[in-house]
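Notes for the one structure printed next.
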Amino acid sequence: MLKIDDIKKICVIGAGNMGHQISVCAALAGFNVTCNDISQNMLDNAKDFAQTYLKERVAKGKLTEEQANLALARLTFTQDLEQATGGADFVIEAAVENLDIKRKLFSDLDRIAPPHAILTTNSSYIVSSRIADATKRPEKVCNMHFFNPALVMKLVEVVQNPHTSEETIQLAMDLCQKLGKIGVRLKKEIYGFVVNRVLTAIKNEALFLADAGIATPEEIDTAIVNALGHPMGPFKLMDLTGIDLAYQICMERYKESLDPKDKPSPLLVEKYVKQEFGKKTNKGWYSYA
Ligand SMILES: NC(=O)c1ccc[n+]([C@@H]2O[C@H](COP(=O)([O-])OP(=O)(O)OC[C@H]3O[C@@H](n4cnc5c(N)ncnc54)[C@H](O)[C@@H]3O)[C@@H](O)[C@H]2O)c1
């Protein structure tokens, strides 16, 4: 039976908003990490981020130089999926939010990764049973849903699908602890899990109010922050998590439900078409210098 101390190498798939920070988080916790992406540009950015972040932590007195150097030495960035998964004990998939891409990835991972390796997905909404059947090891598949920014946010939702073994869930929960996170276990899977179901209700209502011209995104954010005590309003949060992701999530949902209410709202479509994705493009609902 695999135990947390047997986990030495973690493979993170995707070097985007989430993957680059999950990789650094795991390297800081003492794991050897390979971060894989199909884009060399994203991998280069992730490597630059790791170097800058670790240097800043040393300058702030949060890490010793030795700790930072060790973490950096544990990180590898590669486009080669075979190299990334070779010898991996645990995989955290954080590639783009698209069911077909995730299913293809999991089928490849199942073929390439060592038979004992646990395969998890960081998907924001997609339950792992939709992906697990692309593998021959559904008992070793579950959701591990990190929050953005992954180096800061403590929560990880660990969600079992009907085939996930107790051993897999225990390992995922133990990994949360080793990463300095708070794992919350969901005993049954549900689209969007706990936090995003609640956040989506707020986001959809905020988009409806903006679409109807009741108030601007800035005014809605001001109202939510000052009345509900949220650290940021739904539009600022979308800028952080990615307006492209918000659009993809709606489209994935709509493709399945064909329910018009799941379609992205007109303002969301407008932002997506203009490629104003939020912080990552320096413009979203707000402008960033
Ligand atoms: N952004 C958030 O706030 C957030 C929070 C929690 C979970 N998530 C989830 O994490 C996942 C990643 O989201 P993100 O915001 O980091 O997206 P992102 O668009 O910033 O990054 C996705 C990365 O995946 C890469 N990619 C695409 N196809 C690939 C493949 N076949 N193999 C390897 N890499 C591939 C892309 O090149 C890109 O770098 C999604 O499933 C999303 O739902 C996102």
Would you kindly identify the strands (runs of 3 or more DSSP E) lying entirely within the stretch 1-116 that contain at least 2 residues that are open to solvent by 30 Å² or more (accessible area, probe 1.4 Å) and at pLDDT 95 or above? 75-78
So residue 180 clears everything in (1) open to solvent by 10 Å² or more (accessible area, probe 1.4 Å); (2) at negative phi; (3) of a type outside the set (S, T, N, Q) except one condition, right? Which one? (2)
Pair list, Cβ < 7 Å and 6+ apart or interchain, from the stretch 33-54 residues that are not assigned by TED's automatic domain parsing to the domain that holds residue 15 to residues that are of a type in the set (S, T, N, Q) and part of a helix (DSSP H, G or I): none
The stretch 76-114, residues that are acidic (Asp, Glu) and either over 17 Å from residue 37 (Cβ atoms) or touching a residue at least 60 places away in the same chain (Cβ under 8 Å) (or both): 89, 93, 97, 100, 110
Of all residues in the stretch 259-279, which are at pLDDT 95 or above and not in a loop (DSSP other than H, G, I, E, B)? 266, 267, 268, 269, 270, 271, 272, 273, 278, 279
Total residues in the stretch 147-158, condition within 12 Å of the ligand (Cβ to nearest atom), touching a helix residue (DSSP H, G or I) at 6+ places or on another chain (Cβ under 8 Å) and either open to solvent by 10 Å² or more (accessible area, probe 1.4 Å) or assigned to a loop (DSSP other than H, G, I, E, B) (or both): 5
Please enumerate the residues belonging to the stretch 133-145 that are in contact (Cβ under 8 Å) with a residue 24 or more places away in the chain and open to solvent by 10 Å² or more (accessible area, probe 1.4 Å). 134, 135, 136, 137, 138, 139, 140
Starting from the stretch 232-249, take each residue that is on the phi > 0 side of the Ramachandran plot and list its partners that are open to solvent by 10 Å² or more (accessible area, probe 1.4 Å), counting only C-beta distances under 8 angstrom and pairs at least six apart or across chains. 242/17; 242/277; 242/280
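For the structure I just gave you, tell me whether residue 130 is closer than 20 Å to residue 157 by Cβ, within 16 Å of the ligand (Cβ to nearest atom), in a helix (DSSP H, G or I) and open to solvent by 70 Å² or more (accessible area, probe 1.4 Å).
The answer is yes for residue 130.
A quick yes/no check of all residues on (1) among the charged types (D, E, K, R); (2) farther than 25 Å from residue 25 by Cβ:
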residue	(1), (2)
198	no, no
224	no, yes
233	no, yes
240	no, no
261	yes, yes
Taking into account only those residues within the stretch 1-28 that are more than 10 Å from the ligand (Cβ to nearest atom) and under 16 Å from residue 149 (Cβ atoms), which is nearest to the chain's Cα centre (by Cα)? 23
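The values are calculated or read from the model by the stated rules, or taken from the named source; none is laboratory data. A quick note: this is a predicted structure, and the numbers were derived from the prediction, not measured. Because the Cβ atoms are built from the backbone with ideal geometry, glycine has one as well, and the counts that use them run over all protein chains shown. Just the protein is used for accessible areas: all its heavy atoms, side chains included, with ligands, DNA and RNA removed. Shrake-Rupley method; radii C 1.70, N 1.55, O 1.52, S 1.80 Å.
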